[in-house]
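S.K.: This structure is in structure tokens; I'll ask about it shortly.
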Amino acid sequence: MLETATQTLTDECPFHWQVISNKPGVIEFRAKELSSPHGLSLRVQYGAHVSTCTIYFDAFAGTVAEVIRESFRTFTNEGLARSSTSAWERRVSVDPRNTSDSVGTLISTNEESTNVGNIPIHVLDVLSAAGWIIGYALIEESVKSFSEPDDTLEVGFPEGDRTSVQVNKYERDPRNRARAIQIHGSDCMVCGMNFGKEYGPLAVGYIHVHHTVPLSQLGPNYSIDPAEDLVPLCANCHAAAHRRNPPFTLEELRTLRDR
């Protein structure tokens, strides 16, 4: 049961989730990357037909708490862009009340007591919802903190002088980027490099996201499919992909690396 529960969290939020407490009717989880006192924990309470999940923040969660509260509000009020409609989203409701150390509670009810393996589906529903909210919030914040080069480049030449080079700008929706990382993870799909493993908590969740078809070739009304149109690449592999027009495919890049 616990292995299935932690895998459900990992599928939606690509961190290393651990069970920190397991008592009858109550399980608590924590991500290793969100260490105390600057992170959070999840508390799931479950019965035969109902499960609830509440996100609790540490005393010094700071920005982590701020961005997750905002993600929770967005999820509650509007929902977020998804590559497909998820069954759990239809089964999860929200109690938006929160306190200084927690954000509102996710609730799932299943009168038929349906199980997935040996775990009630309503437990997996609230874990999926919580993981998705946390993953979206922290990946989006990581993208803001480690943004790729702007489309307006300031070039110093000679030293002390500065000139601006204007290039075409194509709009990117950060929700597509965040969803792509949730689907594919944050390992480079060519070389396997992971920024979090290389540089620690500072870079957890950060990765470049590459459009398999350049935005300049897509129409203004094209709807991005994060599962098919976007892939995570490290900065080196991303740069190599664009050494040719059209860009190298993932298979071609792997072949180049393996020569």
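S.K.: Run down Ile55, Ile68 and say which single residue is closer than 21 Å to Ile181 by Cα, in contact with a Leu (Cβ under 8 Å, 6 or more places away or on another chain) and touching a residue at least 60 places away in the same chain (Cβ under 8 Å).
M.R.: Sole residue among the options that is closer than 21 Å to Ile181 by Cα, in contact with a Leu (Cβ under 8 Å, 6 or more places away or on another chain) and touching a residue at least 60 places away in the same chain (Cβ under 8 Å): Ile68.
S.K.: With a cut-off of at least 2 residues that are farther than 20 Å from Ile134 by Cβ and in contact with a Cys (Cβ under 9 Å, 6 or more places away or on another chain), name the helices (runs of 4 or more DSSP H) lying wholly within segment 183-248. Reasoning before the result, please.
M.R.: Details: elements: 195-199, 226-229, 235-241.
The qualifying helices (runs of 4 or more DSSP H) are 235-241.
S.K.: Also, quick follow-up: I'd like to know if segment 62-74 contains one or more residues that are assigned by TED's automatic domain parsing to the domain that holds Asp95, exposed (fewer than 13 other Cβ atoms within 10 Å of the Cβ) and either more than 20 Å from the chain's Cα centre (by Cα) or within 16 Å of Ile107 (Cα to Cα) (or both).
M.R.: No, segment 62-74 contains no residue that is assigned by TED's automatic domain parsing to the domain that holds Asp95, exposed (fewer than 13 other Cβ atoms within 10 Å of the Cβ) and either more than 20 Å from the chain's Cα centre (by Cα) or within 16 Å of Ile107 (Cα to Cα) (or both).
S.K.: Follow-up question, since we're still on this one. Taking Val123 as meeting all but one of (1) at pLDDT 75 or above; (2) surrounded by fewer than 18 Cβ atoms within 10 Å (Cβ to Cβ), write down the number of the exception.
M.R.: In the conditions (1) at pLDDT 75 or above; (2) surrounded by fewer than 18 Cβ atoms within 10 Å (Cβ to Cβ), Val123 misses (2) alone.
S.K.: Out of the residues in segment 1-52 that are hydroxyl-bearing (Ser, Thr, Tyr) and touching a residue at least 40 places away in the same chain (Cβ under 8 Å), state the one that is surrounded by the most Cβ atoms within 10 Å (Cβ to Cβ). Break it down stepwise before answering.
M.R.: Going residue by residue through segment 1-52, those that are hydroxyl-bearing (Ser, Thr, Tyr) are 4, 6, 8, 10, 21, 35-36, 41, 46, 51-52.
Right, trim to touching a residue at least 40 places away in the same chain (Cβ under 8 Å) and you get 4, 8, 10, 35, 46, 51-52.
Details: Thr4: 14, Thr8: 22, Thr10: 17, Ser35: 11, Tyr46: 19, Ser51: 25, Thr52: 18.
So the residue we want is Ser51.
S.K.: Next question. Need the failing condition index for Ala59 against (1) over 20 Å from the mean Cα position of the chain (by Cα); (2) modelled with pLDDT of 85 or more; (3) assigned to a strand (DSSP E or B); (4) surrounded by fewer than 20 Cβ atoms within 10 Å (Cβ to Cβ), just the number.
M.R.: The single condition Ala59 does not satisfy is (3).
S.K.: A further question follows. Mind checking which residues of segment 159-204 are at pLDDT 85 or above and over 20 Å from the mean Cα position of the chain (by Cα)?
M.R.: Cys191
The values are calculated or read from the model by the stated rules, or taken from the named source; none is laboratory data. This is a predicted model, so every value here is computed, not measured. As a convention, Cβ positions derive from the backbone with ideal geometry for all residues, glycine included, and neighbour counts pool all protein chains shown.
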